[in-house]
């Protein structure tokens, strides 16, 4: 099985998936409308169920809440027929005023399902610490792989390839969330960050399994060309990658996404796609890049068409 | 290969028995893999996170400019004080933790009306010095005092708002001291229905300075204090009349410490002696100094989760978990045959041990925690799959079964180890991130993931390996290709 032969095709496939999502994010960022939850921006989110004769429209609620002097109000109805009211930071008193105003206006019983209120200073710090967390994670992994593969030639190269593949997985996850935000109103919250960091952790786990095989084969099969050796290692670990990923982790997450509660669905889907991407990238991104690097293929990129495609 | 498989098996069974005992004592029914009675009864009695049972989460932050460093001790004392106050509210299982260096996260499960808790959190504390006569109560006891009450009949505990000025005890001193001294005999005869109401000699407002003094020759710690001038005389009178009696230090009606009066304190300078360690002396001094909170706190984040949302999520996620596990078990058994069964058994061991650890350390079960557990189950299976794939390769290349098992394990180990260390590194970073902001759901996920991965490593080393060794010694497998799914 020659997996490495078509390496530029795999790179292209990944770019096709990543680019649209990043374009969406770029456009949203330009509009200052990134799908960030109040965990990062600060603000309030009130989820209520309204039980009365006539269910109000989101626009009615919006008008009512905005009239009370609350800023940045966004009202959305959920799958289960409840309402999500997002706004700038409000305190308990304002919340109660909103609830009683709604009770009067719509003549309905109102139950608070959820109320999250995050001060703006906290949001800023969460954002900066999240960036630190992702950065530290990447550095720690780079360091770890370099140490773990120290007896192999170009140990640092393995670490860097794992990081490139990890960035690929992170980009896939961001792309997914961007599309999700466009179609389903997803938001990046603390749970999204958790999923992202998990994807990073497991992505690296996959790479290490493949790299470990390359490490082992380097000692056994010295005479083989590096490209053949890497291809051989990928094929050898393919069964494991497919079985572990598809049959176990993905099954569990798929069950969670399909049957789990609404609160976990987004989390499960992100993990599902992210971990899948982690497996994909260890076979089709990280190892091919090792070969591209070894062959120094970039020297031919701009002279003529790449031979490999 | 393991040299003494039976010894290992014995150890594993012992450990599992221990784990089951821990699980069961928290009312969890668990699978017994040997008599095939599979009773997986997921825990309902475990401590459930707010996302599963509903409740209130509050994040408090020191109300100081962002660049002012906050004393770690002050924030931890503030946490203790708030915990005591909210415990008095009667909310079960609430939890207060210091988050980062300037924040405290409070969780109040099952609570929907946030106002009562918020009011308590923002209230200032009340420190009292209470006459205990000759019969001291243990620290931690909650008592009633006469401070701020008009008559002994009023049943509601006093609030600081209704408090009369501090100087009042001067006139009331003689009469009410007598009353307080008389109470022990009075309560001895009738059934203890009417709680003793103790007399407050003075409040924390009378204290001027409080310091910890370390005597380097004896190695003991003392707390020295001075009183404000207008309270000195009162205290001199009181201590003069009550030598060898107890004077309790009471914070928010809870007894902190009960020193005995040795001498009259006439000049407003006194010391509290006791078997203090450096830490306990400091803690008491801080509480004396700041009867109220040592740092002003403000609420920066509130989260209220309705109970219905949580229940629904929990039920669905558990069903999802069970469905996922069944599919995985079927797959493992069909694809890997005999080793697959070994894997399933070792996964069961894994689950038993991991759950026991979660329960033993009182981890809060959250939705992301469940997802983390499922992911680490995947990691545990991954270890098994790596070994089996390696084994199959060795078998295909014509080695004997015994040799293949041995080699499969040895060669898979380095990738199992290296890949799991990466997952643990990430978990540690996640845990740090979660702790600084009191994001308990993130913390819960990181903890379950890290522990799950550690346990899965342990299970791969011990259980899978031992079981494979045992099976090889029990059976003469002639037609092994079919048994091993090649």
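Every number here is computed from the coordinates shown, using simple stated rules; none is lab data. Please read all numbers here as calculations on a predicted model, not as lab measurements. FYI the Cβ positions are ideal-geometry reconstructions off the backbone, even for glycines, and counts take in every protein chain you see.
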Inset, instruction - Would you mind giving the mean number of other chain beta-carbons within 10 Å of the Cβ of each residue in A:117-128, as a whole number? - result: 4
Legend entry - Proxy reagent accessibility, fewest Cβ within 10 Å first, across B:222, A:67: A:67, B:222
Inset, instruction - With a ≥ b ≥ c taken as the square roots of the eigenvalues of the C-alpha gyration tensor of region A:1-97, please select rounded if a/c is under 1.5 and otherwise prolate if a/b is larger than b/c or oblate if it is not? - result: prolate
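For the peptides A:14-26, A:155-167, A:122-134, what is the packing order when you average, over each peptide's residues, the other Cβ atoms within 10 Å and list the highest mean first? Please list the in-between numbers first.
On the way: A:14-26: 15.8, A:155-167: 21.2, A:122-134: 17.7.
The densest-packed peptide leads the list: A:155-167, A:122-134, A:14-26.
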Legend entry - For chain A, calculated [θ]222 nm from helices alone, where every DSSP H run of n ≥ 4 adds -39500 (n - 2.57): -22000 deg cm²/dmol
Legend entry - Evaluated over region A:134-278, the Cα radius of gyration and Dmax, each in Å: 17.0, 55
Legend entry - Residue mean of other protein chain beta carbons inside 10 Å, A:209-215: 4
Inset, instruction - May I ask for the angle, rounded to the nearest 10°, between helix A:7-30 and the longest principal axis of chain A, with both axes built from Cα atoms and the value confined to 0 to 90°? - result: 30 degrees
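According to the square roots a ≥ b ≥ c of the eigenvalues of the Cα gyration tensor, what is the shape class of region A:63-174, taking rounded for a/c under 1.5, prolate for a/b larger than b/c otherwise, and oblate for the remainder?
On the way: a/c = 4.73, a/b = 3.28, b/c = 1.44.
Prolate, because a/c is 1.5 or more and a/b exceeds b/c.
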Legend entry - Chain lengthening between residue B:18 and residue B:83 when straightened (0.36 nm per residue, less Cα-Cα): 20.1 nm
Inset, instruction - Counting residues in region A:43-118 as N, plug N into 2.2 N^0.38 Å and put the Cα Rg over that result. - result: 0.97
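For B:98, B:250, which order do you get if you count the other beta carbons within 10 Å of each Cβ and list the fewest first?
Values: B:98 16, B:250 29.
Sorted ascending by nearby Cβ count, the order is B:98, B:250.
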Inset, instruction - Neighbouring Cβ atoms within 10 Å as the yardstick, rank B:253, A:28, B:443 fewest first. - result: A:28, B:253, B:443
Inset, instruction - In whole angstrom, note down how far apart the Cα centers of region B:196-269 and region B:317-363 are. - result: 60 Å
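Normalised by the number of residues in region A:43-118, what is the relative contact order in percent for Cα pairs under 8 Å and 6+ residues apart? Can you show the working numbers first?
Details: 126 pairs, mean separation 38.0, N = 76.
Relative CO of region A:43-118 lands at 50 percent.
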Legend entry - Principal-axis tilt of helix A:190-220 within chain A, Cα atoms, nearest 10 degrees: 10 degrees
Legend entry - By average C-beta atoms within 10 angstrom, highest first, the peptides B:342-348, A:55-61: B:342-348, A:55-61
Legend entry - Cut-off 18 Å, label 7 Å out along Cα→Cβ of residue A:242, residues of region B:372-401 by amide N: B:382, B:385-394, B:396
Inset, instruction - Please give, to one decimal in nm, the separation of the simple spin-label points placed at residue A:16 and residue A:140, each 7 Å out from Cα toward the Cβ. - result: 3.7 nm
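What's the average, rounded to a whole number, of partner chain beta-carbon atoms within 10 Å of each residue's beta-carbon in B:375-386?
Working: counts 10, 0, 3, 11, 6, 1, 7, 11, 1, 3, 9, 6.
Going residue by residue through B:375-386 and averaging, the value is 6.
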Legend entry - Distance between modelled label sites at residue A:80 and residue B:236, nm, 7 Å Cα→Cβ extension: 6.9 nm
Inset, instruction - Just need the relative contact order of chain A here, percent rounded to a whole number, with Cα pairs under 8 Å and 6+ apart. - result: 24 percent
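Over all directions, what mean area does the Cα convex hull of chain A project, stated in square nanometres?
18.9 nm²
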Legend entry - Cα long-axis angle, helix A:58-67 against chain A (0 to 90 degrees, to the nearest 10): 70 degrees
